1. How many of the residues in region 28-51 are in contact (Cβ under 8 Å) with a residue 12 or more places away in the chain and either surrounded by 17 or more Cβ atoms within 10 Å (Cβ to Cβ) or part of a helix (DSSP H, G or I) (or both)?
2. Among the residues in region 144-155, are any polar (S, T, N, Q) and outside any helix (DSSP H, G or I)?
3. Return the pair list, or none, for Cβ contacts closer than 8 Å from residues in region 11-25 that are of a type in the set (D, E, K, R) to residues that are in a helix (DSSP H, G or I), at least 6 apart or on different chains.
4. Could you check how many residues of region 72-91 are open to solvent by 40 Å² or more (accessible area, probe 1.4 Å) and either touching a Gly at 6+ places or on another chain (Cβ under 9 Å) or modelled with pLDDT of 80 or more (or both)?
5. Need the failing condition index for GLY140 against (1) within 27 Å of GLU52 (Cα to Cα); (2) outside any helix (DSSP H, G or I); (3) in contact (Cβ under 8 Å) with a residue 24 or more places away in the chain, just the number.
6. Can ALA133 be described as within 26 Å of GLN13 (Cα to Cα), among the small types (Gly, Ala, Ser) and not in a strand (DSSP E or B)?
7. For residues that are of a type outside the set (Lys, Arg), closer than 15 Å to PRO177 by Cβ and open to solvent by 30 Å² or more (accessible area, probe 1.4 Å), scanning just region 112-150, find the one that is modelled with the lowest pLDDT.
8. Filter region 10-27 down to the residues that are open to solvent by 10 Å² or more (accessible area, probe 1.4 Å) and either closer than 19 Å to GLU65 by Cα or of a type in the set (D, E, K, R) (or both) and list them by number.
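The values are calculated or read from the model by the stated rules, or taken from the named source; none is laboratory data. Note that the structure is a prediction, hence the values are computed from the model and not measured. With ideal geometry, Cβ positions are generated from the backbone for all residues, glycine too; neighbour counts draw on all protein chains shown. For accessibility, only protein heavy atoms count, side chains too; no ligands or nucleic acids. Shrake-Rupley method; radii C 1.70, N 1.55, O 1.52, S 1.80 Å.
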Amino acid sequence: MISFGRRRRSAGQDRLVWHAAGLLLAYPDSGQGERLAVVGDILGHLPSAPREQLTLTHRFLRDSEEFAAAAQYVETFDLKRRSTLYLTYWTAGDTRNRGREILAIADAYRAAGVDPPKSESADHLTVVLEFAALVDPDTGAKLLSAHRVPLDMIRSSLTDVDSPYAPVLRAVCNTLPPASDNDMRRAQQLAASGPPAESVGLPLFTLTVPPRREGVT
């Protein structure tokens, strides 16, 4: 059983946090209103700390025009490596190992009886959160915990720029075991040198600017 530090919440509450977080971190498209309505329902079932954190982002998105929210999302997550939501970029960077790490996550989905999504990479945080919340919370919690350092790096990057998405990452990190000394050392190394990279050969996966999303210039 996973230890959640000083306060132990129910697994059901963590699944609600993951579900809400995944919806709030989705690209603001035409389905945004429906997603925010679901999050609004979830907020009423959460303890005060995660409810207050997720409410900040929920309120920001609810009060934002779709075009403006979409443009800010692209600027925050698609154009900046320091806040990318592709978790294996933080652990494997632009190396051949990233392909193997993505495959391992996809295999975890298959072992739980579901196919990886075709519309998004298996290592995207929204995909991992949805899997943890709605499919297999035990395996999902392990995947999130295994990527504790990337999650902390994203949270730190968003906090540094006072992003309205930072509270979501704080809520997710608070569902996980406290960072170990080794985790902290790895985070310091990443902050100092960045993700791994290969100087020769062609990587299987690279972080590039995605195709322009509809309605975003």
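1. Qualifying residue count for the region: 12.
2. The answer is no, given that none of the residues of region 144-155 is polar (S, T, N, Q) and outside any helix (DSSP H, G or I).
3. ASP14/PRO137; ASP14/ALA141; ARG15/ALA132; ARG15/ALA133; ARG15/LEU134; ARG15/PRO137
4. Of the residues in region 72-91, 5 are open to solvent by 40 Å² or more (accessible area, probe 1.4 Å) and either touching a Gly at 6+ places or on another chain (Cβ under 9 Å) or modelled with pLDDT of 80 or more (or both).
5. The single condition GLY140 does not satisfy is (2).
6. Yes; evaluated as a whole, the condition is true for this residue.
7. By that ranking, first place goes to ALA146.
8. Listed by number, the residues that qualify are ARG15, LEU23, ALA26, TYR27.
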